[in-house]
Each structure stands twice: as C-alpha cells, then as structure tokens.
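Worksheet: the structure to be examined is printed underneath.
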Amino acid sequence: EPEEKKIALELLETEQAYVNRLHLLDQVFYMELMKEARNGKTVPEEVVKMIFSNISSIYQFHAKFFLPELQKRMEDWSCNPRIGDVIQKLAPFLKMYGEYVKNFDKAVELITVWSEKSLPFQELIADIQKRKVCANLTLQHHMLEPVQRIPRYELLLKDYVQKLPPESPDRDDAERALEMIFMVAKHSNAAIAEMERLQNLWVVYQRLGLEDDIVDPSNELIKEGPIQKVSTRNNSTSEKYLFLFNNMLLYCVPKVIQVGAEFQVHLRIDVDGMKVQELYDMQFPHTFLVSGKQRTLELQARGEELRRARDRSRWAGTTWSMASQLQQCHFHPQTETLGRRAPQWVRDNLVTMCMRCKEPFNAITRRRHHCRACGYVVCARCSDYKAELQYDGNRPNRVCLECYVFLTGHMVLEDWEEKHKGILEKEAAEVSGKSLLCSFLQLLDKNGKGGMRGWFVIPRDDPLVLYIYAAPQDVRAHTSIPLLGYQVKNLAQGDSRHIFQLVQSRQVYTFVADTKELKRRWMRAMARSAAGIT
C-alpha cells in the first residue's frame, strides 16, 4: 500500500474508535446521569449539563457526518485517492471544540465535588466504569479524548501531506486542509490558554478578597511578589506585596488573620501615566520610585529583582529613568502637575528645618508634616490649610501655604499675619532695595472688579517668586506667587486701566498697573521669571 493510504486508513481507524468513545460519553454517561438527575434528584440537571458541555453536538457531527464521509472515501480510494476535500469540510465544525476545551477543568472539578456530595452520583459513575466498554478507564480519562483529538488530526494530516507524491491530485486540498486544521488547533490552544489565564486570575482575585473595583476578567497579571517599602517617616523599611497588572499596580500588605483573603489592598496606582525612577541611595541600595497619579512610593528590591522590575515596567508601557541622590534631595515639584499627581514625599531625615519658613524642627513644639500637594516637609503653621487634590478624588488634603494659594487662588491676607508669623519674613524695604522690579499694583478678584492694592516685589535673590506686601515698609510679606511656568497675557480694555494677567492651567491672576510703562515693565519681568531666566 502507498504510504499516504496507510495514513488515511489510520485516520479512519482512529476515527471509528473516537466515535465509540464519544458514544460512551454522550449516550451512556450523559444519558444515564441525566436520567438519575431527573428521577432521583441526587444531582441537579444543570450540573450534569455543565459536566458534559456540548459533547452531544460533537458526537452527532462525528457519528453522522465525518465518519460516514471518511468511510465512503476510503471505499472509493482506488478511483479517487484523496481525503483533503473531506477534511476541509470538517475543519470549520471543529471550532465547536473550543467550548468543550474551556469547560474541561471545570467539568472535572464538578465530578470530584459531586462525587463527595452525592453517594448515588458516585455509585452510578463507578457502576458504568466497571462495564467492559469502559476498558477499566475512568470517566475523566474518557472525557480527555476530545481535548486530545484535534492535535491528533493535525499530526496525522501533516504526516499525510509529507508522504504524498508531488504529482498527487490531493496535494492542494490536503495542504489547504492542514492549514485549516492548524488554525483550529491554534483556536483550541488559545481557548486552553485563556481558560488557564482566567483561572489563575480568579485565584489572585480570591487572595485579594474579591474587591469589586479590582475584579475584571480582561486584566492580565504581569508580576507579583514581596517588596520593601522605604518609610519617609522613620527612615526604615517594611515588607509589602505588589501585584502588577497590565492596567494597575496594587500595593498590598499581608493580612495577619487570613480569613477569606491573603492580602489587603492599601493602594491602587493606574499604570496609565505611571513613571518609575531608579534611585542611587547609599543607605537603601537598589531603590526605585514609582510615581503614579494616586500615590508615589519609594521601594527597595534585591539587585536582580530591580532589573526584572525595570524590564516589566517598560513592558507595561511605563517610563523608567534614573536619578542621583543629589537630585533626590534637591527636587522641586512641577507646578503643572501640582494637585493632579501624587508627589514624592521628602524623607524626614533629609531636612532639619521647615522647607517653607526655615524654622528648625523639634520633637515638641515644631513637628514635621508633609504637604500632600508638593511633598515638602513643613511645620504645622506652614501646613494649616486644606485644598482639594485631583489625584485624591478632589478630597480636601493638608497642604502648605504656597500650594494652597496656587491650587485655590485664595489670598491669605489680614488674618494670616497674626496666625502665621514667621513665614515670608523678608522685610519689604530691604527686598525692594535689592529687587528686579517693585511697585504698587492692584490684584483683582475673580470677577475682575474689586481686589487688593499692595506692594509687589520680585527680589534679585529669589527671582522666580513674586512677593506681595500690604505696604512698602511691612516687615513680612502676606504671601507669594511662584512665577515659574506661568504665561503673561496682555488684556486690551476699553477703559483706561492697564490690565495684564498671569495664567497657568486653571489659575489666573489679574493685575492693574498705574501706567502703561509700568505695565510693560512688569509684563517683561514676570515673563522672564516665568521662563526661568534669572
């Protein structure tokens, strides 16, 4: 016999045996268990249907279509030696295996569970398995046969194509059939992979307590593992646990009493917009900074873990950069992201005095606090303000005076001097004598009508900040406006007022100068400061 005919006969023989196995599953196991479910009520009918999935459709297709077609073709082999066209008809229907394959593990689990819960269910399966037709094999073993059948088709057909003579009339059809079977096998393998992915994802969700805002079947787990969190408060580390998904990073702590969940989610950071910065820190080696919209974390890993974290963060689409320890100690918050993105908190041990009023800290009367907008370490007097922060769902948070003014647009004037002595204690006369520009201006309110008239100064030794005094001889400023990043706009008004504005995002300051020349000078000076020209 030609080699290709031997393979075609092997395909027919294995198909006959396969149909017998499908008959056993559908007409014996399934039918008798359904009968027991309807009559004895020992197991729900839905459970039996879930165990056998769409096995009836698979059996009907092979028994009534594919096997008869294959038998007929082999009977006519002498005058029509080909099977490629028959298999091409078969291939599209094999996609029905995807449902069976995806359900397989669940089906095996249901058999185990209900064998323990229902003795009649267990006894009926055991009775069928003792029959000669089962060949001393279990129900689970027989159910594995459809899962393995498509790869078997692919192997046989690949061997068949290799053995065909070049001039064979079946070559084109057989090669096309092989391509179609390959795609079906790929579809089946993808179904298995998707099933395994969902099962693994469900296990992770169970470990996290099945929180509603986290459970999403479309998520993909990239990496999980323990990590050391560097504390900004006490200069130490503590062990946490991270789960990195394709769309979020979960910052967790192990639960002491693990009832229902292994971890408690403390924080969720969106991967979208997340930045990772590797730090060079002598005290805490192998540290890196994870900066997200919701929070910024300083983490420590082992050297090899850090390299893998770098690779995975880049794979997830995050930005990874490096910073020296000097850069870490001398950072400035970006005004364009102030309130929109969680800041990096300055470690307590890196400062000895308030980063705003410069007063030294002590353990009793001047303790350390963090501004939730810029991350600076400040004293209680300098952080006695509340502002809504976008990254925290617009909830009010403790912020320093400068961030309060920037975020709210509210000027702290008359009551501020008595309540917050020690802040901005630059004497107006001294600063004015060493200034880039100083004069009276009027700062209009949001309606553009009323407002305050005061003494405005841009000092030479602090050229990126505009200081506001009530009068030229005041010993301290009421407040200040950081100019960096603002735009200076000229407003043409129909009246005689000389109006211009400082604009940045939602923040707008409107000024009125006494003369056209004074307006021109202020606009030029503010524009240079806003551009960082010192």
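The values are calculated or read from the model by the stated rules, or taken from the named source; none is laboratory data. The structure displayed is predicted, hence computed values, not measured ones. What goes into the accessible areas is simple: the full protein's heavy atoms, side chains included, and nothing from ligands, DNA or RNA. Shrake-Rupley method; radii C 1.70, N 1.55, O 1.52, S 1.80 Å.
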Long-range tail of P(r) for the stretch 335-408 (Cα pairs > 20 Å, %):
25 percent
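Largest first, what is the accessible-area ranking of Arg197, Arg149 with a 1.4 Å probe? Before the final figure, lay out the partial values.
Numbers: Arg197 65, Arg149 10 Å².
Descending accessible area places them as Arg197, Arg149.
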Do any of Lys158/Lys186; Lys72/Lys130; Lys6/Lys186; Lys49/Lys89 go past 23 Å between their Cα atoms, and which?
Lys72/Lys130; Lys6/Lys186; Lys49/Lys89
Set of lysines near Lys446 by C-alpha distance (under 21 Å), chain-local residues within fewer than 8 positions excluded
Lys386, Lys489, Lys519
How large is the accessible surface of Glu99 in square angstrom, using a 1.4 angstrom probe and rounding to the nearest 10?
110 Å²
Taking the chain on its own, what percent of its Cα-Cα pair distances exceed 35 Å?
60 percent
Hey, could you pull the Cα Rg and Dmax for the stretch 3-187, both in Å?
18.7, 62
Probe 1.4 Å, all protein chains in place: accessible area of Ser236 in Å², nearest 10?
40 Å²
By the gyration tensor of its Cα atoms, with a ≥ b ≥ c the square roots of the eigenvalues, what is the shape of the stretch 112-264: rounded for a/c under 1.5, prolate for a/b over b/c, or oblate?
oblate
Would you list which aspartates and glutamates come within 16 Å of Lys163, measuring only between C-alpha atoms, while excluding same-chain residues fewer than 8 positions from it?
Glu1, Glu3, Glu4, Glu10, Glu154, Asp172, Asp173, Glu175
Dividing the convex hull volume of the Cα atoms of the stretch 428-531 by its residue count, what figure in Å³ per residue is obtained?
95 Å³
Just how much of Ser188 is accessible, in Å², when a 1.4 Å probe is used and the result is rounded to the nearest 10?
10 Å²
Using a 1.4 Å probe and counting only protein heavy atoms, arrange Thr352, Thr534 so the residue with the most accessible area comes first.
Thr534, Thr352
